[in-house]
Each structure stands twice: as structure tokens, then as C-alpha cells.
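S.K.: Here it is, the structure, as C-alpha cells.
The values are calculated or read from the model by the stated rules, or taken from the named source; none is laboratory data. In this text, all values refer to a predicted model and were calculated from it rather than measured experimentally. Here the Cβ positions follow ideal geometry from the backbone for every residue, glycine too, while neighbour counts run over all protein chains shown. Heads up: the accessible areas ignore ligands, DNA and RNA and are worked out on the full protein's heavy atoms, side chains in. Shrake-Rupley method; radii C 1.70, N 1.55, O 1.52, S 1.80 Å.
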Amino acid sequence: MDAEKSSSSSFEDLSNLNEQERAELASSVVSAPAQSKEPGTGHAATDQERKLESEANPAAEENEPESECMDILGNGTLLKKVLQKGHSELRPDSKDLVTINYTGRLDDGTVVEEQTNLVVQIDDVEVVQGLDMALKLMNEGEVAEVIVNPRFAYGELGLKDPTELDPVIRTVPPNATITYTVTLVSMREESDIEARTYTSRKEIGNKKRLRGNYWMKRQEYNLAIQSYRRALEYLDDTVSAGGMMESGAGSVELSTAELQDLLEDRMKVYNNLALAQLKISAHEAALKSVDHVLKCQPNNAKALFRKGKILDAKGDTAGAITLLQKAATIDVDDKLIQSELSKLILKSKREARNERDLYQKMLGQAQKLEQKTKAAPTVQSNESSKIMMWGYLVGTILIGVVGVAIFRYNNP
């Protein structure tokens, strides 16, 4: 040991050991039986053993789980702990496609979710929000435990039935914390949409549309809007006016049936997007969305109904009634349209009655003011007449008194 080293140092200088000596020393530490240590030397010996073990078996250190959880949001609602380190330092970015295996358990150990080789797109909320956020912080090949608060899992609603996208999911009670064990198997960048085939675009676009419907049912309207917009990236603006679509194989001419299918899918997305935007009172955006539908399908009853609801929310009851009347003639069996139309007609009558009452009240106040204005000069005129009459009377009396005085003075 170097003379400059303190004799009381807890660390042994291993810098001059050769590889054989290191291996022998590590072997002796690993195989040595547990023994008592003098006070003050226990921690130092433990650190030394760990160092030697890691040098003898570096692979074991790489796979050693982390002892602390990462508080992703800083408020304890989303925790991540590495169970096994990944084989790469790469992490997925937004829109990357990742393949994952995961199992979700309740606090009592009940398995409520389980998927193998599931492909999801980062930031497209194709799994619960908490898991989607945690995936961006995992390395390729990593195994992690992710504890998700109800707010970022299934919330107050829980989950009672399997969805069309995830038929194997179990029942999740309301306000349940879910602990996921997830493996990030692989990751890759999203390919250009233009390079995809018609079938691929249609499949992915509809998958994202169905995810939007899922969020709509859960009243998560902002997440639904996000999913619908992503769906339109695959279903919208993919075909030229001549029915030609650019793909990885070059320009492909679509059949009439394919064009019609693509149009129908796109109209479904715009219709649902308008409803989601209406739910968050984004009225102008909702009008633009529903007008996309009516531009292509002027007699789309659902779009007419949606636009009527939007106009009503903007205060245009008369315009809303006109649209709902048209929708009711197109789809005569739709009870919802009939019900909403009846409500709007009653609302219109009530508004007309309130407006009439207001006018009458304003007119009555105006008439009272006019009568008061006319009555004021009349009262003033009567007062003036009384004053003049008293003036005449006093004047006459004074004249009489003066006359009598003069008469007596001239006839003593």
C-alpha cells in the first residue's frame, strides 16, 4: 500500500493487482463463509465485496435490479422500478412502435391484464396512460415494474367488460391501483404513412378510430380527440382526385369499392371527432369537423344532427331546428333526433314567449314614462292658475281699500 495512504483507510488499494490475483481474491470473497466483523469495518467490507463481485462477474451487475423507484410525475401517482436492465441504452421516442409483454395485477395479486408481443405506438394511448408514459423511460430489453395510480389507469369508472380492442382484459374495480410487470421487447421507428399500402393505412386508421371510441365511452374526450386525429392521418388525404394513391409500390389505382370504404371510414372519424369537440365546448373546431362530412355527404343524418347540436350550443336555436328537421326526414326511425327536435321546438317557443314578455315590459315602462311626462305640465298649469286667481283677488281688495280711504279723506 502506498505510504501516502492512511493506515486507517477502509479501502484496500487494488490498482496493482493483475487479472489472476483479482479473480482469486474475488473467488475467495464469494466463497468465504459469513463471519463477524469488527465495529466500524462492516460497511467497508461490504463495499469491497461488491466491488470484487462486480469485477469478477460484470454481467450480474448489469442485470441487478434498481433498489429505488423512479417517481415519474413527482407526486407518487406513477412509479417505475427496474427489475432487469435492458441490453441497449436506446429508449423509444414519440410515435415509435414498441413490442411489449406485460401483466397487470391489483393490490391483492389478481391478474386483470395480460398481453404478449403487443405492438403499441408511443403517445397514442393504446394502453393505459400510466403505462404509455412509463414506456418512454424504458430501455430496449428492460423489464420494469410500473405502479399506476387509478387516475392514470381506469379511474373511478373501472372496467367492467372487455373491449373490442382488448377482449382478454378482466374486470377492474373502480379506483384500483394496478402494478404492471412489463418487458420492452423491441422498438422501431414509425414508417412514413405514404409508404404504406391501402390495406395497412385502413387497418391502422380504424384501429386508432376504435381507440378513440373507447376513450369516448370513458368520457375522456381529449384523449378521444387525440386518437381520432391520429386516425385521420392514415385515412385522410391519401387518395388523389383521380382515385390514385401513392404507396411504397408507387401509384396504385383504387377500385370504386375501396374508395367508398375509405370515405365511409373517414366520415365516421370526422363525425365522432365533432362530437368529442362539442363535449369540450370547442364549437368552432366541431363545426369544421362536421362540415367535412356534410361536404361529402349532405344528407348524412348523423352529421346534420351533430351540427344542429353545435348550433344550439352556440345559441342559434332556429338554425339547429332547421337541421334537425332535415335529419328527421332522412332518418324517420331515429328516436334521438325526434326527441331532440321536440326539445328544441319547446325551447324556441319558450324563448319567443320570454322575448315577447320582455318587449311588453319594456313597452309598459315606456308608456308610463310618457304619461308621467304629460301629467307634469298639467299640474304646473293648475298651480299657475291658482296663483293668478289669488293675485287678482288681492289686487281687487287693495283697490277697494284705497278707494274707501280716498272717499273718507275727501268727505270728513
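S.K.: Can you give the local net charge around Leu294? Use residues other than it whose beta-carbon is closer than 10 angstrom to its beta-carbon, Lys and Arg +1, Asp and Glu -1. Walk me through the intermediate numbers first.
M.R.: Details: positive: Lys295, Arg306, Lys307; negative: Asp291.
The answer is +2.
S.K.: If you don't mind, another one. Count the net charge of all other residues whose Cβ sits under 14 Å from the Cβ of Asp357, scoring Lys and Arg as +1 and Asp and Glu as -1.
M.R.: Values: positive: Lys349, Arg350, Arg353, Arg356, Lys361; negative: Glu351, Glu355.
Result for the local shell: +3.
S.K.: Moving to a separate point now. Sorted by mean Cβ packing within 10 Å, highest first, what order do the peptides 68-80, 105-117 take?
M.R.: Highest-to-lowest ranking by the protection proxy: 68-80, 105-117.
S.K.: Taking a ≥ b ≥ c as the square roots of the Cα gyration tensor eigenvalues, with a/c under 1.5 meaning rounded and otherwise prolate when a/b beats b/c, else oblate, which class fits segment 79-228?
M.R.: On the way: a/c = 1.90, a/b = 1.09, b/c = 1.74.
Since a/c reaches 1.5 but b/c is at least a/b, the shape of segment 79-228 is classed as oblate.
S.K.: Determine ³J(HN,Hα), in whole Hz, for all residues of segment 292-304 in sequence, where each value follows from phi through the Karplus function 6.51 cos²θ - 1.76 cosθ + 1.60 and θ = phi - 60°; x replaces Gly and Pro.
M.R.: 4, 6, 5, 5, 8, 9, x, 9, 6, 4, 5, 5, 4
S.K.: Quick one: net charge around Leu344, please, counting Lys, Arg +1 and Asp, Glu -1 for every other residue with C-beta under 11 Å from its C-beta.
M.R.: For residues surrounding Leu344, the net value is +1.
S.K.: Could you tell me what percent of the accessible area of segment 63-114 is made up of carbon and sulfur, with a 1.4 Å probe and every protein chain present?
M.R.: Carbon plus sulfur share of accessible area: 43 percent.
S.K.: If you don't mind, another one. Could you sort the peptides 200-209, 173-182 by per-residue average Cβ neighbour count (10 Å cutoff), highest mean leading?
M.R.: Going from most to least packed, we get 200-209, 173-182.
S.K.: I would also like to ask the following. Can you classify segment 68-115 as rounded, prolate or oblate using the Cα gyration tensor, where a ≥ b ≥ c are the square roots of its eigenvalues, rounded means a/c under 1.5, and otherwise it's prolate if a/b beats b/c and oblate if not?
M.R.: Oblate, because a/c is 1.5 or more while a/b does not exceed b/c.
S.K.: Sorting check: for 338-344, 352-358, which peptide has the highest mean count of neighbouring beta carbons within 10 Å, and how do the rest follow?
M.R.: Ranked from most to least packed, the peptides come out as 338-344, 352-358.
S.K.: Can you classify segment 167-236 as rounded, prolate or oblate using the Cα gyration tensor, where a ≥ b ≥ c are the square roots of its eigenvalues, rounded means a/c under 1.5, and otherwise it's prolate if a/b beats b/c and oblate if not?
M.R.: Since a/c reaches 1.5 but b/c is at least a/b, the shape of segment 167-236 is classed as oblate.
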